[in-house]
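Structure first, commentary second.
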Amino acid sequence: MDEDTRYQAVSSRDARFDGVFFFAVATTGIYCRPSCPAVTPKRRNVSFFPTAAAAQGHGFRACRRCRPDAVPGSAEWNVRADVVGRAVRMIGDGVVDREGVPGLAGRLGYSARQVQRQLTAELGAGPVALARAQRAHTARLLLQTTALPVTEIAFASGFASVRQFNETIRAVYARTPTELRAESGTGTGAGPRTALAAGVPLRLAHRGPYATGEVFDLLAAEALPGVEEVVGAPGARTYRRTLRLPYGTGIVSVDERAPGRAGRWLEARIHPTELRDLTTAVQRLRRLLDLDADPYAVAERLGADPRLAAEVAARPGVRSPGAAEPEEFALRTLVGPGEAARLVEAYGTPLETPCGTLTHVFPEPAALTGHPVAGPLATALADGTVRLDPGADRDASAAALAAVPSVGPEAVAVIRTRALADPDVPSPGLPDHPEWRPWRSYATRYLRG
């Protein structure tokens, strides 16, 4: 997409490109999403950036009207299997905050200098800047949706110091943390335990139409007792599940949006035992729900094929759900729902405080290495022979999966589609159609309903 096309998208306030690129206005010093409702600036005053971090790095602050930091992520990074795509997914999962740039580079198999150079060349920002933009967004959410003290928010967002936190918030939003909070009317003074008990309410943005009913039907059919539940009637259901997170555990919930209801987001609430896990929990929920997909690109490619055209037209916004806990999903795929429920009871980690029917976190792979069916895969996951994290090389992971006893081609395809969130997996048992690339996982959803 050239700059003239981008400017046309801005002029028409085209929400299809929210998160795909950002534009900044030299005369105001702000950057926006393409669908920003403000008056379209003159072309000579506009510059374009591939990421919010790049715009921030050039000294632009976030628009107060369109909240460009709250857009869905670019679907390009889910499609791409190269080092840049893998790095973006890992940064989203909080790897830089937890392990620094050397940790990110080590997981990718590159030097820190190589990672910095490649990200800067394509995204206009290096890993530190990308992580900083994400921290700022997390901080804004906590400031405007919780009553946590500012100091708690600073460290929960991943900042190393309160001073760094204050400087970043001023640079990105042109306001102090206190001023940001005052805009939302959120009170102050709640302790961490009180805030954690209440959870963090979120609006999870998505791009274009979203087939909420189909996604919730799948979640309800797969729900694992003790770990997941779906409650309520169709059109008003809530999905809830437990998570094992880097610093603790958590419970996430998301509400189904009734057909025809306005708004391009899903209402969610995150209950982490450690607020430092908030960003990771949000990203896992987004991957599960496939919220960063580009339904317009999917429909354009698949709808052009007469074999799929009618289904694509009749079912707008079909998603290819991922997995909130990739290793859990892989093990459940092998043992089936009945045995998975038994494993939860026998080996799962009990929650300190059960929440309704949610009582456990699914067992870690190391606890299942002796299982007669899941054991070989559990061992490979525990020792790192098979990687299913967001930064894993999908081809390498699929090859490693195929080498594990009892993991057949169909299981490899399902795990690659869901646990690795690969949008382009041909379905075993169905004819392959390369012309559907890079959206063959979505074609399977259309073909199988």
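Those residues that are closer than 26 Å to residue 398 by Cα and among the charged types (D, E, K, R), I need them from region 299-352; list them, please.
Listed by number, the residues that qualify are 301, 319, 325, 327, 328, 332, 339.
Among the residues of region 340-356, count how many are in contact with a Lys or Arg (Cβ under 9 Å, 6 or more places away or on another chain) and at pLDDT 95 or above.
3
Residue 356: surrounded by 13 or more Cβ atoms within 10 Å (Cβ to Cβ), out of contact with any Leu (no Cβ under 9 Å at 6 or more places or on another chain) and either in the same structural domain as residue 392 (by TED's automatic domain parsing) or of a type outside the set (Lys, Arg) (or both), yes or no?
No: the conditions fail for residue 356.
Taking region 392-411, which residues are over 30 Å from residue 103 (Cβ atoms) and touching a residue at least 40 places away in the same chain (Cβ under 8 Å)? Spell out how you get there, then give the answer.
Here is the first cut: in region 392-411, the residues over 30 Å from residue 103 (Cβ atoms) are 405-406, 408-411.
Within region 392-411, 406, 411 meet the criteria.
Name the pairs: first residue in region 1-23 and outside the structural domain of residue 205 (by TED's automatic domain parsing) and closer than 17 Å to residue 39 by Cβ, second residue aliphatic (A, V, I, L, M) and part of a helix (DSSP H, G or I), Cβ to Cβ under 6 Å, at least 6 apart or on different chains?
23/10
Consider region 149-176. How many of its residues are surrounded by 14 or more Cβ atoms within 10 Å (Cβ to Cβ) and of a type in the set (D, E, K, R)?
The total comes to 3.
Looking only at helices (runs of 4 or more DSSP H) that lie completely in region 256-360, which have at least 1 residues being β-branched (Val, Ile, Thr) and within 23 Å of the chain's Cα centre (by Cα)?
Helices (runs of 4 or more DSSP H) meeting the threshold: 278-289, 295-302, 326-347.
Of the residues 245, 218, 224, which single one is farther than 27 Å from residue 448 by Cβ and at pLDDT 95 or above?
245
The values are calculated or read from the model by the stated rules, or taken from the named source; none is laboratory data. What you see is a predicted model, and the numbers here were worked out from it, not measured in a lab. Quick reminder, even Gly has a Cβ in these numbers, built from the backbone with ideal geometry, and neighbours come from all protein chains shown.
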